[in-house]
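Participant: Sharing a structure with you now.
The values are calculated or read from the model by the stated rules, or taken from the named source; none is laboratory data. Owing to the predicted nature of the structure, the values given are computational and were not obtained by experimental measurement. Note: ideal-geometry Cβ built from the backbone for every residue, glycine included; neighbour counts use all protein chains shown. These accessible areas exclude ligands, DNA and RNA; they are computed on the full protein's heavy atoms, side chains included. Shrake-Rupley method; radii C 1.70, N 1.55, O 1.52, S 1.80 Å.
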Amino acid sequence: MAVLGDINVDLILDIGDYPSPGGDGVAHHQHLEVGGSATNTAIVLSRLGARVSLLGCVGRDRWADELLRSLAAAGVDVSRVPADPAEPTSLNVVVVTPDGERTMFAYRGANRSLPAHAVTPEWLDGVGWLHLSGYAFLEAPQRDAAWTAVRYAHQHGTPISLDVPTDPARQVPQELVRLLPWLALVVLGGEEVQLLEGAATVEMGTRALLEHGCGLVAVKRGAAGCTLVDAHRAVSVPGFEVAAVDTTGAGDAFCAGLVFGLLTAQDLPSAGRLANALGALATTRTGAGLALPGADEAARLLAGAGPGPAPPPGPGRAGGPFL
């Protein structure tokens with residue numbers, strides 16, 4: 001597996017109520033975590049048993065050192081990640097309210113500096129799948145690097161998937177639509193479907209995405225599960241009932257499960273159940289990154305045994321402590 005996108009530090013702040021403009025949001029808990037949409041997906045893929053190489057860009061700072069060390073300890077190959085001397089490693093401030101919803105404030109920093117020459121044909125040699133984060137298409141030169149990866153993957157005959165968050169769908173919809181004919185899979189929510197296609201309904205937008213040439217459209221429906229649509233059928237896969245604490249990283253874990261399921265030749269319903277299970281499990285703990293679930297937890301939930309206990313925050317997490 002090859003994954004391209006952002007590598008962040010997440011500062012998680014748990015607050016009782018989201019403040020009005022000009023007000024104070026005083027947190028009752030905080031911690032630092034490995035983050036970034038592509039990074040989260042890479043971690044979960046590794047925990048499912050895939051060999052994963054992550055390509056992003058960091059600064060030359062202590063945060064970068066800790067991020068790369070933690071990712072390597074979690075089984076993610078970060079040996080090709082370059083450092084930008086002019087920009088800091090990206091920082092996300094993630095504010096989480098008691099209902100589990102999160103609001104993010106981000107400075108993308110070095111992420112957008114990933115040069116196209118960092119992507120080489122050798123990076124994709126022997127790789128069975130390329131996964132891209134939509135954030136990678138927001139700005140050049142990272143956008144150029146993402147397109148370079150797409151072209152090399154196409155030359156290798158490597159399937160490509162794209163995760164579409166809200167901001168890229170709103171800011172660069174034409175760029176993402178232009179990518180659709182290259183994709184085996186696009187993952188997005190109903191809002192993003194309508195942002196990309198300007199469609200009156202999610203169903204109409206989904207059909208339009210397929211007409212652009214994408215092989216499979218996965219529409220996330222939160223706790224209700226997902227709908228997987230290709231040229232021949234639409235499969236609705238129900239979600240799992242869990243006690244949500246924090247939704248950060250749930251979509252990234254969902255992507256990892258769906259890609260892994262497809263990569264290991266699972267049928268659509270089975271791949272969708274794995275994706276839903278991992279997405280649900282991700283909401284049962286605070287933060288993403290090293291807190292995200294893996295194969296054992298997913299197997300337990302899929303077997304009907306419940307989500308099990310969430311890992312402790314901070315240094316007790318698998319993959320090693322961060323900061």
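Participant: In whole percent, how big is the carbon plus sulfur part of the accessible area of the stretch 39-113, probe 1.4 Å, protein atoms only?
Facilitator: Summing carbon and sulfur atoms, their accessible area is 51 percent of the total for the stretch 39-113.
Participant: Enter the mean projected area of the convex hull around the alpha-carbon atoms of the stretch 183-249, in nm², rounded to one decimal.
Facilitator: Over all viewing directions, the stretch 183-249 projects a mean Cα-hull area of 5.0 nm².
Participant: Express as a percent, rounded to the nearest 5, the fraction of DSSP beta bridges in the stretch 1-58 (both residues included) that run antiparallel.
Facilitator: Counting DSSP beta bridges with both partners in the stretch 1-58, the antiparallel share is about 75 percent.
Participant: Can I ask one more? If you restrict to DSSP beta bridges whose two residues both lie in the chain, what percentage is antiparallel, to the nearest 5?
Facilitator: 45 percent
Participant: Net charge near SER53, counting Lys/Arg +1 and Asp/Glu -1 over other residues with Cβ under 11 Å of its Cβ?
Facilitator: Computed value for this residue: -1.
Participant: Further, regarding this structure: Using alpha-carbon pairs under 8 Å, 6+ residues apart, how would you state the relative contact order of the stretch 69-221 in percent?
Facilitator: The normalised contact order for the stretch 69-221 reaches 15 percent.
Participant: Just for the Cα atoms in the stretch 195-308, what are the lengths along the principal axes, largest first, rounded to whole Å?
Facilitator: Cα spread of the stretch 195-308 along its principal axes, largest to smallest: 41, 28, 22 Å.
Participant: Ordered by packing density, taken as the mean number of other Cβ atoms within 10 Å over each peptide's residues, highest first, how do 269-280, 125-136 rank?
Facilitator: 269-280, 125-136
Participant: Hey, what did the chain get for relative contact order, percent, Cα under 8 Å, at least 6 apart?
Facilitator: About 17 percent, as a whole number.
Participant: Give me the tail of P(r) for the stretch 150-200 as a percent: Cα-Cα pairs with distance above 14 Å.
Facilitator: For the stretch 150-200, the share of Cα pairs beyond 14 Å comes to 50 percent.
Participant: Report, to the nearest whole %, how much of the accessible area of the stretch 199-305 belongs to carbon and sulfur atoms, 1.4 Å probe, protein only.
Facilitator: About 56 percent, which is the carbon plus sulfur part of the accessible surface.
Participant: Where the convex hull is taken over the Cα atoms of the chain, what is its projected area averaged over directions, in nm²?
Facilitator: 15.5 nm²
Participant: Report the Cα centroid-to-centroid distance between the stretch 249-274 and the stretch 112-137 in angstrom, as an integer.
Facilitator: Each part reduced to its Cα centre gives a spacing of 21 Å.
Participant: Over the stretch 8-128, calculate the relative contact order: mean separation of alpha carbon pairs under 8 Å at least 6 apart, over the residue count, as a percent.
Facilitator: 28 percent
Participant: Taking only protein heavy atoms and a 1.4 Å probe, what accessible area per residue, in Å², does the stretch 29-120 have with all protein chains in place?
Facilitator: Using a 1.4 Å probe on heavy atoms only, each residue of the stretch 29-120 averages 40 Å².
Participant: Also: With only alpha-carbon atoms in the gyration tensor, what are the semi-axes of the equivalent ellipsoid for the stretch 1-134, in Å, largest first?
Facilitator: The equivalent ellipsoid of the stretch 1-134 has semi-axes of 29, 17, 12 Å.
Participant: Then there's this: How large is the accessible surface per residue of the stretch 222-272, computed with a 1.4 Å probe and reported in Å² as a whole number?
Facilitator: 42 Å²
Participant: Once the stretch 59-112 is represented by equal point scatterers at the alpha-carbon sites, with solvent omitted, what log10 I(q)/I(0) does the Debye formula produce at q = 0.15, 0.30 Å⁻¹?
Facilitator: At q = 0.15, 0.30 Å⁻¹ the computed log10 ratios are -0.54, -1.10.
Participant: Further question: Restricting the count to DSSP beta bridges whose residues both fall in the stretch 1-150, what percent are antiparallel, rounded to a multiple of 5?
Facilitator: That works out to approximately 45 percent antiparallel.
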